[in-house]
Ligand code: GLA
């Protein structure tokens, strides 16, 4: 290489390491964030690497941790959560006089270069237990149905919201349609008392009284925690307190636990997932109370292969759903390889429903409901049950579609794609089948369903369109209909 070439190379290497404006964002940054509902304050550490205009690293909030990726333009930077399908950055800001002036999930923060005093202490390592099979709890013989607070309320959930939602589950007809579980997600947690018992925070003054109230309505109550030291929203979680926490929940009358990996990843690698989830499976069994066990670890470590061995009744197969067509579709499609593992007592979970939250069309929400039913997925509504429109009610409480989801055979349909049309066939316990044809395209399209494609043991006796609630005729073995863009033709076929 010529001297000239060498100088050029050195110059570009230098430019790669230090951006044009002369300062790098690489390194550890500390910032005090917002207060939690239990009085603690979120301490954040942003640990960044920078190559050219690309950023990567981690964000710790108290003990919770996530990978981030992002970019810099001049003094401005933006960071997204790795694996999150949210197109909006969750940290945005500027480097100003050696500080990061930023917005972290909407909270204004000023981060300075971290010193030893800023470091967030990590709890001592607890060895994962040896593997064994946890006896099945016998619950969730059909995919669980209910409501969960996270999709709509996130951190803004409290006792009053849950009570009024329980009232609405009854008055709207949701309970009678089969939606039984009322599940409180993250941010109910307080601090541990002198005996180490985790209390609820001021938003939930008396969990036992709340459980009694929910039970008095013929509903069941669910709660949320993490196997790590902190939940995803940085609240105290069950690390090292598994048996104690399970006992407290049982004493309150809890019927369902969503157990979210979150900060456990700061302590364990994915090869410990099964052992760590087994620990809580054992702890729940020890309480003697029937508690549905929902594993939330975004499909990591092939959970579908061992979820049932830790007495898991359902396990997430994907990252968090959002109220968009792309997010909904990508979640259900990611679940396809797990189909052989679904069955009575143990279900694949592509995340909660967004139906009624307002950012998809009615046809798209009908497709959302159809796909969750065809794949025998848990039906956990995530909207405001107190103020549902007539259309939202007609989607969530379509009994004919619910009966496809709740079919006792428990088979998860898989798709076959043909251009813009995707066909999902679900065999049913009575020997018939449900068939859904989704129109992924931008315009209405005609679809033909052939009885011979349904692998039925006997000839078709009857067929119904489960959205128009009308009987349809198979003529010469087939039925043809027009499907709107992003809509679904959903048929149930009975055999002779
Ligand atoms: C994770 C889960 C969500 C929700 C939040 C709460 O992101 O996947 O479903 O429970 O944590 O912090």
Sort the range 317-445 into rounded, prolate or oblate with this rule: let a ≥ b ≥ c be the square roots of the eigenvalues of the Cα gyration tensor; rounded if a/c is under 1.5, and if a/c is not under 1.5, prolate when a/b is larger than b/c, oblate otherwise. rounded
FRET efficiency estimate (nearest 0.05) - Cβ-Cβ, residue 32 to residue 126, R0 22 angstrom: 0.15
Fewest to most neighbouring Cβ within 10 Å: what's the order for 409, 95, 142? 409, 142, 95
In degrees, nearest 10, range 0 to 90: what is the angle between the Cα axis of helix 273-287 and the longest Cα principal axis of the chain? 60
By how many degrees, between 0 and 90 and to the nearest 10, does the Cα long axis of helix 159-171 differ from the longest principal axis of the chain? 10
Which FRET efficiency value, to the nearest 0.05, do you get for residue 154 and residue 199 by plugging their Cβ-Cβ distance into 1/(1 + (r/R0)^6) with R0 = 25 Å? 0.75
For the range 444-496 and the range 332-381, compute the distance between their C-alpha centroids and round to whole Å. 21
Percentage relative contact order, the range 141-199, counting C-alpha pairs under 8 Å, at least six apart: 44
What full-extension length gain, to one decimal in nm, is calculated for residue 206 and residue 139 as 0.36 nm per residue of separation minus the Cα-Cα distance? 21.5 nm
By how many nm would the segment from residue 480 to residue 191 grow when fully extended, if each residue of separation counts as 0.36 nm and the alpha-carbon distance is taken off? 98.1 nm
In whole angstrom, how long is each semi-axis of the equivalent ellipsoid of the chain, when you take the square root of 5 times every eigenvalue of its Cα gyration tensor and sort them from largest down? 42, 31, 21
Which whole-number percent gives the relative contact order of the range 432-492, counting Cα pairs below 8 Å spaced six or more residues apart? 54
Can you give the angle from 0 to 90° between the axis of helix 325-334 and the longest principal axis of the chain, with both taken from C-alpha atoms, to the nearest 10? 80
Between residue 243 and residue 469, what length in nm is gained on full extension when 0.36 nm per residue of separation is reduced by their alpha carbon distance? 76.5 nm
Ranked by Cβ crowding within 10 angstrom, fewest neighbours first, how are 475, 332 ordered? 475, 332
Residue order, fewest to most surrounding Cβ atoms within 10 angstrom, among 455, 368: 455, 368
For the chain, share of DSSP beta bridges that run antiparallel, in % to the nearest 5: 80
How high is the relative contact order of the chain, in percent, with contacts defined as C-alpha pairs under 8 Å that are six or more residues apart? 11
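Bear in mind these aren't lab numbers, they're just calculated from the coordinates by the rules spelled out. Every value quoted in this text rests on a predicted model; they were computed, and no experiment measured them. Every residue, glycine as well, gets a Cβ built from its backbone with ideal geometry; the counts of neighbours run over all protein chains shown.
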